[in-house]
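*Asks:* Quick one: this structure, given as structure tokens, is what I'll be asking you about.
Since every read-out is calculated from the coordinates, none of them should be taken as a lab result. Here the structure is a predicted model, which is why all the values come from computation and not from measurement. Reconstructed Cβ throughout: ideal geometry from the backbone, glycine too, with neighbour counts over all protein chains shown.
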Amino acid sequence: MLLCSLKNFERGIKVSKKVLTYLEQKINYEFKDKTLLLEALTHSSWAHEGKNEKVSNERLEFLGDSVLSLVISEYLYKNRKDLEEGSLSKYRAEIVCEPSLARCARKIELGSFLRMGKGEEISGGRDRDSILADAMEALLAAVYLDGGLEAVRRVILDLFKEIIDEVLKGIIYRDYKTRLQEVVQSMEVGKITYELVEEIGPDHNKTFVTQVKIGDVVLGIGQGKSKKESEQAAAMEALSKLGILK
């Protein structure tokens, strides 16, 4: 049971009901039980920094993972009768992976709605793939609990439509760096280089910022809790600017 009211929640993240309605409009679903939406938007760091509640979105995340997998599995089973079990599993894994969840979260600006501790926010938590992916799963679970399987099916298939289409067309974007390399090679425009441009925070909690370039032209900038993660984020932004990811 949630330990604070929706009113206190809104005061905590300095948004109004109108702003929360904006998020509902983005997923085309209106919650009957707003406390489920509240729980989905609450990162564990919120409670860890002394907030007077123990609720976070971790339990919803657990449920959302299974809900998403079920909906995507059902979709692939019904719409790709030509695929054997191995191929179905491969496509499902690509569709429900962390980068795709984070991409959907960014599509609806989910990071800006999250309640999180100041330390997590300062370290770039609102735009970190892992946090966005977890919050996306939690949000889907909240829709499922509030409106049932049909409601969450509609939300998932709408949010993941582009990703499903890309995966089934063979555009595998889990490894953004490899995908960007393939695209740039096909364009024959030069060599890709990655450059670490900044390290933010203390040694035990660093955030790395990397830019990817062709020659002197910066294609994308990304950040992450490791150099590898920041390079993948930079490659993802580059693919978005090139129109490969939308």
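*Asks:* How large is log10 of I(q)/I(0) for segment 116-217 at q = 0.20 Å⁻¹ when the intensity is taken from the Debye formula with one equal scatterer per alpha-carbon?
*Replies:* Each listed q corresponds, in turn, to -1.10.
*Asks:* Neighbour counts of other C-beta atoms within 10 Å: give me 29, 144 arranged from fewest to most.
*Replies:* Numbers: 29 19, 144 25.
Final ranking by Cβ density, sparse to dense: 29, 144.
*Asks:* I need the Debye-formula profile for segment 83-155: one equal scatterer per C-alpha, no solvent, reported as log10 I(q)/I(0) at q = 0.22, 0.26 1/Å, two decimals.
*Replies:* Log10 of I(q)/I(0), two decimals: -0.99, -1.13.
*Asks:* Compute, for segment 102-181, the length of the dipole vector about the Cα centre, with Cβ point charges of +1 (Lys, Arg) and -1 (Asp, Glu) only. Units Debye, rounded to 20.
*Replies:* Dipole magnitude for segment 102-181 comes out near 220 debye.
*Asks:* A follow-up question, please. Per the Kirkwood treatment, what hydrodynamic radius in Å, one decimal, follows for segment 176-241 from the mean inverse distance over all distinct Cα pairs?
*Replies:* After inverting the mean inverse Cα-Cα distance, the result is 11.8 Å.
*Asks:* What is the magnitude of the charge dipole of the chain about its Cα centre, with +1 placed on the Cβ of each Lys and Arg, -1 on the Cβ of each Asp and Glu, and no other charges, expressed in debye to the nearest 20? Before the final figure, lay out the partial values.
*Replies:* On the way: 38 positive and 40 negative charges, 113 e Å.
Roughly 540 debye for the chain.
*Asks:* Still on this structure, I have one more. Regarding the chain, what whole-number volume in Å³ per residue does the convex hull of its Cα atoms give?
*Replies:* 132 Å³
*Asks:* OK, next. Mind grabbing the base-10 log of I(q)/I(0) for segment 28-149 at q = 0.10, 0.15, 0.22 Å⁻¹? Debye formula, identical points on the C-alpha positions, no solvent, two decimal places.
*Replies:* -0.34, -0.69, -1.23
*Asks:* Still on this structure: For the chain, what is the mean residue ellipticity at 222 nm derived from helices alone (per DSSP H run of n ≥ 4: -39500 (n - 2.57); sum divided by total residues; nearest 500 deg cm²/dmol)?
*Replies:* Per the formula, -18000 deg cm²/dmol.
*Asks:* I've got another one for you. For 55, 197, what ranking results if the residue with the fewest other Cβ atoms within 10 Å of its Cβ goes first?
*Replies:* Least crowded to most crowded, the residues run 197, 55.
*Asks:* Using Cβ contacts closer than 10 Å as the measure, can you line up 236, 187, 136 from fewest to most?
*Replies:* Ascending number of Cβ neighbours within 10 Å: 187, 236, 136.
*Asks:* Then there is this: Find which of 29, 180, 200 sits farthest along the positive direction of the dipole of the chain, computed with +1 on the beta-carbon of Lys and Arg, -1 on that of Asp and Glu, about the Cα centre.
*Replies:* After comparing all options, I get 29.
*Asks:* Moving on. Past 32 Å, Cα to Cα: identify those pairs from 191/225; 34/206; 161/227; 177/206; 32/225; 161/213, in the order given.
*Replies:* Flagged as over cut-off: 34/206; 32/225.
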